[in-house]
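The values are calculated or read from the model by the stated rules, or taken from the named source; none is laboratory data. Owing to the predicted nature of the structure, the values given are computational and were not obtained by experimental measurement. Quick reminder, even Gly has a Cβ in these numbers, built from the backbone with ideal geometry, and neighbours come from all protein chains shown. Calculation scope for accessible area: heavy atoms of the full protein, side chains included, ligands and nucleic acids excluded. Shrake-Rupley method; radii C 1.70, N 1.55, O 1.52, S 1.80 Å.
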Amino acid sequence: MKGVTTTRSPCSLLRRDSGVNTGVRRRETRAVVAFSSAVRRERGNGRNGATAASLTFNKLRVSAERDQRLTSSKKKASVCQAQGGNKGGSSAYDYDVCIIGCGVGGHGAALHAVQQGLKTCIIEGHDIGGTCVNRGCVPSKALLAASGRIREMQNDMHLKAMGIQVGSVSFDRQGVADHANQLAASIQGNLKNSLVALGVDIHTGMGKFVDNHTISYGLPGRVDVGGQLTARDIIIATGSVPFVPPGIKIDGKTVFTSDHALKLEWIPEWVAIIGSGYIGLEFSDVYTALGSEVTFIEAVDKIMPGFDSEIARIAQRTLITPRNIDFKTGVLATNVKAGIPGIKPVEIELTDFKTKEKVDVMEVDACLVATGRVPFTQGLSLDKVGAETDRRGFVPVSDKMEVLGKDGKPVPHVYCIGDANGKYMLAHAASAQGISAIENIKGRPHVLNHNSVPAACFTHPEVSFVGLTEEQAREKAEEEKFEVGVVKTSFKANSKALAELEGEGMAKAIYRKDTGEILGVWIIGLHAADLIHEASNAVATNQTIQDLKFNVHAHPTLSEVLD
């Protein structure tokens, strides 16, 4: 197609004749899967992994080509069948599925689409992997891993209790930053390789609708990329960007969002963090481990307002009080003036949340704005398909991820997943929504249970949950007239946690007494982010609280906190 810039799969030659013979198709599929698997192994094996990927692919390709030669007499009869590519149907469109945006959600949707035999393309105007891989959960976990090791090695009392003695501990700021940057680059490359290996076309540009089946794309000021394509179904997966409240000017040096903070260009002595949600808590963990003092500025009257209250109290005792952290609640940062590192402080004007009166002015070395995220949905030309965003910028969708038009009815063949629809702004939720959208595109009705999607805060110790807080559950019980039950276990009673001298923490499950339905599970403690999945899967499969009693855990393991 004229004007279209694509990245083609190394397997595209095999895909062209995929309708020739069932045995050939099987061999081709094996080649694609083996190549993709070997590429993923390359992360750990370097050149050897790349060589293995090439050899495996070439070997299976030769085998497939041999079978093609043996069945060449049948090719003419198969041409019409093969014209649809992976689609297996009409060739009226360039693709079966076009996905606008390739973060974790778009990537997950693309992989599932290919598995379902759909000819698929991606339109991406920035980086493959989106916010999570490049400016979010992946690099932040690298910073947390490095800073967590530093904190552990600096805790003399903890180490001496296990008979370990260490000298002075130091770190290289640039080395820590490089670890995060290199991890993001590596994961981004792996994601792109997996798409290319499976035959997904990648188009560069920002996409916008022409109609329900047509997308035009390009980049501002660039004439070398861009074009127009058609697809039977289109999925919006454009993600989100940091929200910056009015009155705050970002300079990227002294006043910044998480996007800038992940670069770790310097370590301020005193950092104010506006917002005490997941992002703010994780960065407080990093900064205090590296020697900074932190002050939280929170609009509501308590710290960590989104947490279960009991878990929040334990988190305050373990994550806030023992560290160089204080907090101001019930106030807004209504005016923030940037400073100059090491020369001029950042000025933060604080206003009472209720009275709107100015109450204080803080002077700090730096200010991290961690006030949440907003959808990145501008420029999609949704009006071309009879839809529009809500007042916050989210794309309204049905339970099946179908975009809803101005009349409230689903727009045919147009879907939206991830942060752009606002249902649950987490990377893995976006991926799950992408899979759900593909299922519905294939005519298999599917609705994702968002109450079963887990979430985690990767502090030290970690906090994780699925479902409701106890407070939310009791409100629901009052409305629906049922009784709430709560069961708790302590990390202090867990042998593995005690062996690690990490007995601080608890798990609590909230449920309906009449039916045993699990309403929510919260965990704070060592590796809580890994432990929550047993509970989230229980919610997804409609297990009751009584069913959990029959689960068997290896002993001694942390998983026994869910016994």
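Return yes when ASP259 is in contact with a helix residue (DSSP H, G or I) (Cβ under 7 Å, 6 or more places away or on another chain), of a type in the set (Asp, Glu), assigned to a helix (DSSP H, G or I) and modelled with pLDDT under 95 and no when it is not. In short, yes.
Once segment 228-251 is narrowed to residues that are open to solvent by less than 20 Å² (accessible area, probe 1.4 Å) and out of contact with any Ser or Thr (no Cβ under 7 Å at 6 or more places or on another chain), the residue that is nearest to GLY277 (Cα to Cα) is ILE248. Checking each residue in segment 262-283 for being within 16 Å of VAL138 (Cα to Cα), open to solvent by 40 Å² or more (accessible area, probe 1.4 Å) and in a loop (DSSP other than H, G, I, E, B) picks out only LYS263. Listed by position, the helices (runs of 4 or more DSSP H) contained in segment 462-563 that have at least 3 residues being more than 23 Å from PHE307 (Cα to Cα) and without any contact (Cβ under 8 Å) to a residue 40 or more places away in the chain are 545-548. Scanning segment 200-211 for residues that are surrounded by fewer than 23 Cβ atoms within 10 Å (Cβ to Cβ) and not in a strand (DSSP E or B) yields one hit, GLY205.
Can you give me the number of residues within segment 451-485 that are polar (S, T, N, Q) and under 16 Å from ASP285 (Cβ atoms)?
Going through segment 451-485, the residues polar (S, T, N, Q) turn out to be 451-452, 459, 464, 469, 472.
Checking the rest, the ones that are also under 16 Å from ASP285 (Cβ atoms) come to 459, 464.
Number of matching residues: 2.
To keep it simple, each residue is scored yes or no on (1) of a type in the set (S, T, N, Q); (2) surrounded by fewer than 19 Cβ atoms within 10 Å (Cβ to Cβ); (3) part of a strand (DSSP E or B).
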site: THR377; (1), (2), (3): yes, no, no
site: LEU380; (1), (2), (3): no, no, no
site: LYS384; (1), (2), (3): no, yes, no
site: THR389; (1), (2), (3): yes, yes, no
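Scan segment 413-460 for residues that are of a type in the set (Phe, Trp, Tyr) and either at pLDDT below 95 or under 26 Å from GLU517 (Cβ atoms) (or both) and jot them down. Answer for segment 413-460, where residues must be of a type in the set (Phe, Trp, Tyr) and either at pLDDT below 95 or under 26 Å from GLU517 (Cβ atoms) (or both): just TYR424. State whether one or more residues within segment 96-119 are open to solvent by less than 20 Å² (accessible area, probe 1.4 Å), without any contact (Cβ under 8 Å) to a residue 24 or more places away in the chain and in a helix (DSSP H, G or I). Within segment 96-119, none of the residues are open to solvent by less than 20 Å² (accessible area, probe 1.4 Å), without any contact (Cβ under 8 Å) to a residue 24 or more places away in the chain and in a helix (DSSP H, G or I).
Name, by its number, the condition in (1) buried (at least 20 other Cβ atoms within 10 Å of the Cβ); (2) touching a Lys or Arg at 6+ places or on another chain (Cβ under 9 Å) that does not hold for SER216. Of (1) buried (at least 20 other Cβ atoms within 10 Å of the Cβ); (2) touching a Lys or Arg at 6+ places or on another chain (Cβ under 9 Å), only one is false for SER216: (1).
VAL466 meets each of the listed conditions (1) out of contact with any Pro (no Cβ under 7 Å at 6 or more places or on another chain); (2) within 22 Å of ALA432 (Cα to Cα) apart from (1).
Being within 21 Å of the chain's Cα centre (by Cα), under 30 Å from ILE123 (Cβ atoms) and touching a residue at least 60 places away in the same chain (Cβ under 8 Å), is that true of even one residue in segment 212-228?
Taking every residue of segment 212-228 in turn, none turns out to be within 21 Å of the chain's Cα centre (by Cα), under 30 Å from ILE123 (Cβ atoms) and touching a residue at least 60 places away in the same chain (Cβ under 8 Å).
Restricting to segment 152-199, give me the number of residues that are assigned to a helix (DSSP H, G or I), aliphatic (A, V, I, L, M) and open to solvent by less than 70 Å² (accessible area, probe 1.4 Å). Adding up the residues that qualify gives 12.
So is VAL138 more than 30 Å from GLY372 (Cα to Cα), touching a helix residue (DSSP H, G or I) at 6+ places or on another chain (Cβ under 7 Å), open to solvent by 20 Å² or more (accessible area, probe 1.4 Å) and of a type in the set (Val, Ile, Thr) or not?
Details: more than 30 Å from GLY372 (Cα to Cα): no; touching a helix residue (DSSP H, G or I) at 6+ places or on another chain (Cβ under 7 Å): yes; open to solvent by 20 Å² or more (accessible area, probe 1.4 Å): yes; of a type in the set (Val, Ile, Thr): yes.
When the stated conditions are applied, VAL138 does not pass them.
Residues that are basic (Lys, Arg), open to solvent by 50 Å² or more (accessible area, probe 1.4 Å), out of contact with any Lys or Arg (no Cβ under 6 Å at 6 or more places or on another chain) and touching a residue at least 60 places away in the same chain (Cβ under 8 Å) do occur in segment 325-340.
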